[in-house]
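What follows is a short report on a single structure.
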Amino acid sequence: MLCERCRQREATVRFTEVVNGVSSEHHFCLACAREMDFGPYSAILENFPMEWLLSGLLGIGGGEGAEQEEAPQTRFEITCPTCGTTYSQFVKDSRFGCADCYGVFDLLIGENMKHIHGAERHTGKKPRMRAGSAAAKAARAGAKETREETLQILRSKLKEALREEQYEDAARLRDEIRSLSGGDAQ
Amino acid sequence: MKWYEKANHQRETVVASRVRLVRNVKGHLFPNRLSEKERRTLREELQGALSPLFPEDGYTYLQTEILSERERRALRERRLINSTLAGHEDPMGLFVSDDDEKSILLCGDDHLRLQNTLPGTALLPAWEELSRLDDAIGEVLPYAFDEKYGYLTAFPTNVGTGLRATEVLHLPALSQDKSFRRLTSEMNRFGIMVRPVYGEGADAMGALYEISNQKTLGLSEAEIIGTVQRMAGQMATQENKLRKALREKGGASREDQAYKAYGVLRYARILTCKEAMTYLSCVRAAVADGYLTLREPVNMYGLMLKVQEDALPQMGGKTPEEMRAILVRTALPDLE
Ligand SMILES: [Zn+2]
Ligand SMILES: [Zn+2]
């Protein structure tokens with residue numbers, strides 16, 4: 001799912017708000033979530049102190065005490081888009097669901113890694129894939145599409161949207177194409 | 001023949017050296033996130049890709065879900081799967097070399113778990129062999145690897161090198177000494193774990209201990225191997241010092257203990273696991289210290305593996321305790 005604010009990046013933060021008994025769910029990318037105002041949660045997103053996370057402040061059903069009074073029934077959840085593992089699940093099981101989890105939870109697990117290993121960076125051996133080996137081919141086939149390929153897909157989607165007179169979609173696609181092709185800002 | 005069945009006159013405190021690598025393959029969720037069907041499909045895919053590396057003459061391939069619970073626990077006794085996985089019926093695959101030295105577990109906690117065990121102090125050669133195997137597998141399957149976190153694993157405690165280096169030590173004197181606890185916590189400070197191979201804490205059976213690295217990220221493989229070897233070496237030196245002091249103190253008590261232990265193993269008709277482990281440990285130390293001389297070489301560690309509840313052969317009309325006694329008294333050679 002794309003972030004509902006920037007519509008560019010994968011949404012990894014789920015924000016549930018309950019106002020007058022009506023619950024609404026929003027999905028943002030980490031970058032947008034950090035720029036938005038979530039009252040007391042903004043500070044958390046800023047720094048991600050490990051103790052707060054472990055206390056369940058960002059987790060489903062967590063937060064008894066002061067925090068809950070300040071922002072009643074408001075919940076955050078960070079989810080890996082590839083495997084669906086949520087951050088609170090990870091905290092509960094100490095186990096990732098896929099290789100992408102490391103990227104998604106990167107900011108959250110740094111302290112934890114330091115605590116477990118006394119280090120944050122790998123210094124050992126690396127895979128030595130010979131070009132042309134079966135592994136290299138398989139890796140290439142599974143790799144994410146390049147920016148050029150993404151642009152091509154977006155352009156054809158834009159054409160289709162214009163043909164179908166879906167102008168709202170077209171405008172969004174045009175913005176996406178513009179930001180993706182507009183230099184290396186992304 | 002398995003490496004621990006080969007008869008030897010091993011007297012060293014270091015019984016065995018083991019290295020284990022955890023690896024995952026790009027583009028697949030980790031096994032616990034897969035449905036049973038997906039897990040089977042992935043296992044077949046991995047087996048297909050790896051089978052040229054593990055030919056039938058030299059390796060056996062097993063599918064764990066068709067094994068009984070007891071058979072799976074026996075695999076755990078051979079240290080080929082861990083105890084959590086032994087309790088599961090999830091489909092896993094296992095390549096194991098005929099000598100039980102090398103094994104590759106497919107779809108356990110991670111996609112791949114490679115292991116190599118050698119007798120005695122041999123961490124470095126064990127690692128070099130395993131690293132070559134790792135490279136060969138890396139040519140066929142693209143590993144999930146990240147520049148920052150290294151090899152990506154299901155548990156954050158394995159990430160980075162994915163390497164666990166272990167030395168198995170026989171510490172009958174040191175584990176009884178008051179310095180043992182202090183030494184163990186000192187090791188912890190260097191990121192080294194000391195754990196009994198059988199049993200827990202004070203109930204440790206057979207005085208066998210595993211010394212292994214706790215940290216896998218931020219250290220090179222050579223550093224990990226070096227630290228474990230150095231720390232295990234220190235423990236072995238302490239053990240040998242204590243044993244030498246006991247020998248020099250003289251008296252008939254230790255000699256008497258050794259003969260009593262041998263006598264029980266040789267003549268008992270019923271042996272509990274704890275009894276067998278205690279006396280085998282005592283005889284192993286007595287042979288190393290020169291109190292007992294066996295007419296033929298025997299692999300005492302191998303015997304300790306075989307008297308475990310789930311490793312025992314089953315025979316109609318015989319209880320496990322009776323089977324254990326038969327097994328031990330037939331395997332134990334005469335005294336000089
Ligand atoms: Zn966004
Ligand atoms: Zn994931």
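Just how large is the dipole of region B:199-276 about the Cα centre, in debye to the nearest 20, putting +1 at every Lys and Arg Cβ and -1 at every Asp and Glu Cβ?
Details: 12 positive and 10 negative charges, 84 e Å.
With only Lys, Arg, Asp and Glu charged at Cβ, the dipole is about 400 debye.
Rounded to the nearest 500 deg cm²/dmol, what is the calculated helix-only ellipticity per residue at 222 nm for chain B, with -39500 (n - 2.57) per DSSP H run of length n ≥ 4?
-13000 deg cm²/dmol, from helical runs alone.
Which of the pairs B:Lys6/B:Lys274; A:Lys92/A:Lys114; A:Lys137/B:Lys2; B:Lys102/B:Lys241; B:Lys37/B:Lys215; A:Lys126/B:Lys102 have their Cα atoms more than 28 Å apart in this structure? List each step's numbers first, then the result.
Working: B:Lys6/B:Lys274 24 Å; A:Lys92/A:Lys114 19 Å; A:Lys137/B:Lys2 38 Å; B:Lys102/B:Lys241 33 Å; B:Lys37/B:Lys215 34 Å; A:Lys126/B:Lys102 22 Å.
Over 28 Å apart, Cα to Cα: A:Lys137/B:Lys2; B:Lys102/B:Lys241; B:Lys37/B:Lys215.
State, as an integer percentage, the relative contact order of region B:253-331 based on alpha-carbon contacts under 8 Å between residues 6 or more apart.
40
Residues with amide H under 5 Å of A:Thr12's amide H, sequence separation 5 or more or different chain, H placed in the peptide plane at 1.01 Å from N; which?
Amide H neighbours of A:Thr12: A:Phe28, A:Cys29, A:Leu30.
Could you tally the net charge around B:Leu130, taking each other residue with its Cβ under 13 Å from the Cβ of B:Leu130, Lys/Arg +1 and Asp/Glu -1?
Working: positive: A:Lys125, B:Arg18, B:Arg20, B:Arg23, B:Lys102, B:Arg113, B:Arg132, B:Arg164; negative: B:Glu101, B:Glu128, B:Glu129, B:Asp134, B:Asp135, B:Glu221.
Local net charge: +2.
Fewest Cβ neighbours within 10 Å first, please rank B:Lys6, B:Lys37, B:Lys215 accordingly.
B:Lys37, B:Lys6, B:Lys215
Write down the Kirkwood hydrodynamic radius of region B:253-331, to one decimal in angstroms, obtained as one divided by the mean of 1/r over all alpha carbon pairs.
So the Kirkwood estimate lands at 12.7 Å.
What number, in percent, do you get for the relative contact order of region B:293-336 if the mean sequence gap of Cα pairs under 8 Å and at least 6 apart is divided by its residue count?
Across region B:293-336, relative contact order equals 60 percent.
Sequence neighbours fewer than 8 away in the same chain don't count; with that in mind, list the aspartates and glutamates whose C-alpha is under 19 Å from B:Lys244.
B:Glu12, B:Asp177, B:Glu255, B:Asp256, B:Asp289
Under a point-charge model restricted to the Cβ atoms of Lys and Arg (+1) and Asp and Glu (-1), what is the dipole moment magnitude of the protein assembly as shown relative to its Cα centre, in debye to the nearest 20?
1660
I need the GluC sites (Glu not before Pro) found in region B:96-180, filtered to DSSP loop residues with at most 10 other beta carbons within 10 Å of theirs.
In loop regions of region B:96-180 (DSSP not H, G, I, E or B), the sparsely surrounded GluC sites (Glu not before Pro) are B:Glu147.
Tell me which GluC sites (Glu not before Pro) from region B:184-220 have a DSSP coil assignment and no more than 12 other beta carbons within 10 Å of their own.
Loop-located and lightly packed - B:Glu200.
Quick one: putting +1 on the C-beta of Lys and Arg, -1 on the C-beta of Asp and Glu, what dipole do you get for region B:229-318 around its Cα centre, in Debye to the nearest 20?
In total the dipole reaches around 140 debye.
With an 8 Å Cα cut-off and a minimum separation of 6 or more residues, compute the relative contact order for chain B in percent.
Relative contact order, chain B: 21 percent.
Can you figure out the FRET efficiency of B:Glu56 with A:Leu162, using R₀ = 45 Å and their beta-carbon distance, to the nearest 0.05? Walk me through the numbers before you get to the answer.
Values: r = 61 Å, r/R0 = 1.36.
About 0.15, to the nearest 0.05.
Values in this text are rule-based calculations from the coordinates and carry no lab data. Everything numeric here is computed off the predicted structure, so don't read it as measured data. Positions of Cβ are backbone-derived with ideal geometry, glycine not excepted, and every protein chain shown enters the neighbour counts.
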